[in-house]
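The block underneath contains the structure these notes are about, expressed in structure tokens.
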Amino acid sequence: LLFTFHCDLFRQRALLPLYGPLVHALFRRADMLHATSQQALQRPDSLVWPFRDRFRVVPLGLDTDPLLHLDRTSPGARRLREHYGDPFVLFVGRLRHYKGLDVLLEAMPRLQSTLVIVGDGPMGETLRAQAARLRLNGKVHFVGAVSDEVLRDHLAAASVGILPSSRPAEAFGLSMVEYMAAGLPVVSTELGTGTSFVNQSGVTGLVVRPGDPAALSEGLSQLLADRDTRERMGQEGRNRVREHFTIATMMRGIEGLYAAAIDKAGRRNGH
């Protein structure tokens, strides 16, 4: 029995008196407990806190090969830069309440750049209404869901990737792995979760305060104004992806977890 922990409940915290004891009982039964980052185990108010020493960390990974070899000069990337302007900021992900896109839209009037939002989700209509209210038409583009090919064109065309999440429900941030594999520096927020393991502030990008439009705009402006820093951080991001976030790296770690769990179960059962 192996459990992977991603994040705690936040919007449904009222359920914890019922939910927490059940989870703890399952943790006690487990042969192996897996977390996707060390940061996920460091919150004293987390369900995992009493069991933190039993967890083993294996980060998530993606099929990064197509992204590590993206060509910024490809026809698709050039067309997008001509359409959106250059440089532009890219968000990729589900439009959900904890993603902090409402905060990012509040930051946009301060930026001398456009924002492209790729993805759909339950907050889409609300965010579009907010952008209209802030008179961001022409400065913010909602692209919706796209094919893998079109996503790769956007990643190749953009200058900075953004993950403005405002709540710790953002446990890891795989979209940042996509940005980094594509050679983009990243601006993210400090949530006390794995997001700050993925994006290392000052190395692969910048980490700023959550829920703060001024902090987001300052971080983005700093990168947008400095091409050399963007290129240096983009290369560091690709190096970090190759080391930590490929499918092969993740699977080696997961296979090790299952081998240890099977061994423990066998010893428990006398085999």
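The values are calculated or read from the model by the stated rules, or taken from the named source; none is laboratory data. None of the values given here were measured: they were computed from a predicted structure. Backbone-built Cβ (ideal geometry, glycine too); neighbour counts: all protein chains shown. Accessible surface areas use protein heavy atoms only, side chains included; no ligands, DNA or RNA. Shrake-Rupley method; radii C 1.70, N 1.55, O 1.52, S 1.80 Å.
Points to keep in mind about this one:
- Of all residues in the range 3-26 being touching a Leu at 6+ places or on another chain (Cβ under 6 Å) and modelled with pLDDT of 90 or more, the one that is most open to solvent (accessible area, probe 1.4 Å): PHE3
- Among strands (runs of 3 or more DSSP E) entirely within the range 69-154, having at least 3 residues that are open to solvent by less than 30 Å² (accessible area, probe 1.4 Å) singles out 88-92, 114-118.
- Candidates in the range 219-271 are the residues that are over 25 Å from LEU174 (Cβ atoms) and not in a helix (DSSP H, G or I); of these, the one that is most open to solvent (accessible area, probe 1.4 Å) is HIS271.
- Counted residues, the range 222-271 - those being of a type in the set (Ser, Thr, Tyr) and within 20 Å of the chain's Cα centre (by Cα): 2
- Among the residues of the range 232-261, those that are touching a residue at least 24 places away in the same chain (Cβ under 8 Å) and either charged (D, E, K, R) or over 24 Å from LEU68 (Cβ atoms) (or both) comprise GLU236, ARG238, ARG240, ARG242, GLY256, LEU257, TYR258, ALA260, ALA261.
- One residue from GLY124, GLY100, GLY138 being on the phi > 0 side of the Ramachandran plot and either in contact with a helix residue (DSSP H, G or I) (Cβ under 9 Å, 6 or more places away or on another chain) or at pLDDT 95 or above (or both): GLY100
- Some residue of the range 191-209 being out of contact with any strand residue (DSSP E or B) (no Cβ under 9 Å at 6 or more places or on another chain), part of a loop (DSSP other than H, G, I, E, B), open to solvent by 20 Å² or more (accessible area, probe 1.4 Å) and touching a residue at least 12 places away in the same chain (Cβ under 8 Å): yes
- Residue list for the range 31-41, filter: in contact with a Lys or Arg (Cβ under 8 Å, 6 or more places away or on another chain) and either in a loop (DSSP other than H, G, I, E, B) or touching a residue at least 60 places away in the same chain (Cβ under 8 Å) (or both): ASP31, MET32, HIS34
- Of the criteria (1) among the hydrophobic types (A, V, I, L, M, F, W, C); (2) assigned to a helix (DSSP H, G or I); (3) touching a residue at least 12 places away in the same chain (Cβ under 8 Å), which one CYS7 fails: (2)
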